[in-house]
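Structure, as structure tokens:
Please treat every number below as a calculation from the coordinates, not as lab data. Because the structure is predicted, anything quoted here is derived from the model rather than measured. Because the Cβ atoms are built from the backbone with ideal geometry, glycine has one as well, and the counts that use them run over all protein chains shown.
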Amino acid sequence: MKIKPNIDIVNALIRITVGLTIVSWSTAKLVKRPWRDSYLIMTMLGAMKVAEGIVRFCPLTLLYERYMQNEQNPIDSSATVTSRDSMEGLNEDQMIRQ
């Protein structure tokens, strides 16, 4: 799978800045209260934002773009493969011919 950058440079810099801010805040809180799992989760989420900024690839943006493309170009329903529900009541020979 070839990953192409799908966010611009300004968006990447914002993600890196916000991600490092979240990581520093959550690790400072984690030092004071190591039994809290929420700070560890926030650290991981901040690290993910930093990684998205460095690589300039966001998987959620990719999913959104693909969804919007599918909404603009719906698949023709007549071109889809016939399901087994539409073959109900047919014997095997008739199913094979279809």
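Values computed for the structure shown
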{"read-out": "Dimensions in Å of the range 1-55 - Rg and Dmax from alpha carbons", "value": "13.1, 42"}
{"read-out": "Ranked LEU63, LEU45, criterion: other C-beta atoms within 10 Å, fewest first", "value": "LEU63, LEU45"}
{"read-out": "Separation in nanometres of the label points that stand 7 Å from Cα toward Cβ, at THR21 and LYS4", "value": "3.2"}
{"read-out": "Loop trypsin sites (Lys or Arg not before Pro), the range 29-68 (other Cβ atoms within 10 Å of the site Cβ: 14 or fewer; DSSP)", "value": "ARG36"}
